[in-house]
1. So, in segment 435-459, how many residues would count as being in a helix (DSSP H, G or I) and closer than 23 Å to Asn81 by Cα?
2. Confirm whether His209 is touching a residue at least 12 places away in the same chain (Cβ under 8 Å), buried (at least 24 other Cβ atoms within 10 Å of the Cβ), under 20 Å from Ser66 (Cα atoms) and in contact with an Asp or Glu (Cβ under 9 Å, 6 or more places away or on another chain).
3. Looking at Leu189, Leu169, which one is crowded, with 23+ Cβ neighbours inside 10 Å and either more than 16 Å from ligand 1 (Cβ to nearest atom) or not small (Gly, Ala, Ser) (or both)?
4. I'd like to verify a number: residues in segment 291-310 that are closer than 27 Å to Asp492 by Cβ and more than 15 Å from ligand 1 (Cβ to nearest atom), how many?
5. Quick one: which residue in Ala210, Ala250 is in a loop (DSSP other than H, G, I, E, B) and within 12 Å of ligand 1 (Cβ to nearest atom)?
6. Within the group Tyr242, Tyr198, which residue is under 21 Å from Ser390 (Cβ atoms), buried (at least 22 other Cβ atoms within 10 Å of the Cβ) and hydroxyl-bearing (Ser, Thr, Tyr)?
7. Of the conditions (1) part of a loop (DSSP other than H, G, I, E, B); (2) more than 24 Å from the chain's Cα centre (by Cα); (3) under 20 Å from Gly132 (Cα atoms), Pro21 clears all except one; give me its number.
Amino acid sequence: MASKVEALEHWVNEVAALTRPARIHWCDGSEAEYRTLVQRMLADGTLIELNQQTHPGCYLHRSHPSDVARVEQLTLVCHPNEEDAGPNNHWMAPAEAHAKIDALFDGCMEGRTMYVVPYCMGPIDSPLARCGVEITDSPYVVANMKIMTRMGAAAQARIEREGSFVKGLHSVGELDPARRWIMHFPAELSIKSYGSGYGGNALLGKKCHALRIASHQARSEGWLAEHMLIVGIENPQGETHYVAAAFPSACGKTNLSMLIPPEDYLRDGWKVWTVGDDICWMRPGEDGRLYAINPEAGFFGVAPGTSASTNHNALTSISHDTIFTNVAVTADNQPWWDGLPGTPVTDWQGRPYDPANGPAAHPNSRFTVSAKQCPTWSEMAEAAQGVPISAIVFGGRRPSLLPLVMEARDWTHGVLMGAAMGSETTAAATGAVGVLRRDSMAMKPFCSYHYGDYFGHWLSFDKSGAKLPKIFHVNWFRKGKDGKFLWPGFGDNLRVLEWMINRVEDRVSGIETPIGILPGEGELKLDGLRLDRAGLDELLDVDNAGWQAELSAIGEYLDSFGQHLPERMRQEQQRVARALEDDAGLAHREAVAS
Ligand code: OXD
Ligand code: MN
């Protein structure tokens, strides 16, 4: 390939000297290159062809059984100063980290091909986009990067023009969990990942660059790099509001971003446009509003649970030209997971399916697919300036206490809502599933610096001239006394989004409560929904005693950030706690008087 920027060439040579590959391949991102890679992977068994009649261009990859999810305990941020990592990260001194991981990289690509993968996160001509180069010895990673990013010649041309890029070095190594690290060096804009081929650990443009390195860059450059979907909601009048929503991994971001409106909404002409399903970069525009781009070009979605009833758009997207990882297969070689029709005959490890071995498809099995294949893909996803955000939504899996929806009274309150977010853990990371943990802004595994400073960064957007989005908190996962979900979720979530947009447009007034503004009587459109009065009351119930306990737990959590916690956050937590006490006092006096 002709002229490469000197710094890039120098770094590639340095890496080659360390890892000693048999050959080096500079990726141009072409279809022909993708097809050649696929053929090679089919030949050596890295990929298995799926039923090409029912799923043309679809392949299955089975990972090493010990390499199926992100590994938070082995994911490090290596700031020169430990204090900058905060209690929310695992830290190692940069010199020690480089020495440890370079010892693993030493000679690790002998006999292998080293791929140089230039990529751009975001529309190629967007000022909000950022470039990187991943060096990897995994053709599976290259194929996934081709789908997930704007990869190849155009990205390399931008890098040569700008001269700056994030350096990502990856090797699958021996896939040995004892020789596995995912290291980030934010000050050096570099990433080193060894010993895993799993997407979240190995597709370095995604979590490592677009969230961990980008959150550091965003802090110093005045923008936000967030774990959020971006969805456009078009009403029957043809007005579109864009909403950015943060939920922890495997909590329904992909489903919300591709939501299919309920029948009566469809009849009335509502439309939903998908801009992104996982990551959102936002910065203030000249008019004071926040403008967002999706830095990714594809979806790396959780397969189990994706079905015709939960996410028909995802199912349509993945009907062709998709890489599946760790799903099961049927007798006629179609991909299979819970939620799909058919019967699995081979499990995710390639064994004849036997329920005694656990689920047929791994709970964190995935599909990788180009966003362009999504029927609701928005042409605004390619807009260089991004889309203006009307509302920011936070949410998690909370079986109790958190109402279906509440609105923050202002930006500071919204930042507190985001910081206080909690959710039950899922299979997207190794470790116990279903344990409630605080996951501020859904960024616990991804914010590469001290959470206290991160909250301060969020607060800093509230300045004169800013026209900030309204902030909401939702909980689709509240359960009734029978242990069943109270809210149907999926398409019906549009009812809640409509209420938010009505709030943004000042068409409804809501009801003020100590914890935020909740929908007033009749403000949520529920016609045709099988939800009785008692269910709705439970969904919107504010349990004062439970909330007082929650506020005190939030206070303790905030204390864990010590001197880095902005005073405004502490004051806001105290304001809400006092409002709850006053409200309880008032209710008590009213009860006594009656
Ligand atoms: C993901 C995750 O893969 O959050 O998006 O783990
Ligand atoms: Mn994610």
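1. Number satisfying all stated conditions: 9.
2. Answer is no for this residue.
3. Leu169
4. 5
5. Result of the check over Ala210, Ala250: Ala250.
6. Tyr242
7. Pro21 satisfies every listed condition except (3).
Per-residue answers, yes or no, for (1) under 20 Å from the mean Cα position of the chain (by Cα); (2) crowded, with 19+ Cβ neighbours inside 10 Å; (3) within 16 Å of ligand 1 (Cβ to nearest atom); (4) under 16 Å from Leu565 (Cα atoms):
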site	(1), (2), (3), (4)
Gly422	yes, yes, no, no
Gly431	yes, no, yes, no
Leu436	yes, no, no, no
Met441	yes, yes, yes, yes
Cys447	yes, yes, yes, yes
Asp453	no, no, no, yes
Ser464	no, no, no, no
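The values are calculated or read from the model by the stated rules, or taken from the named source; none is laboratory data. Because the structure is a prediction, the values reported are computed rather than measured. No Cβ is skipped: glycine too gets one built from the backbone with ideal geometry, and neighbour counts run over all protein chains shown.
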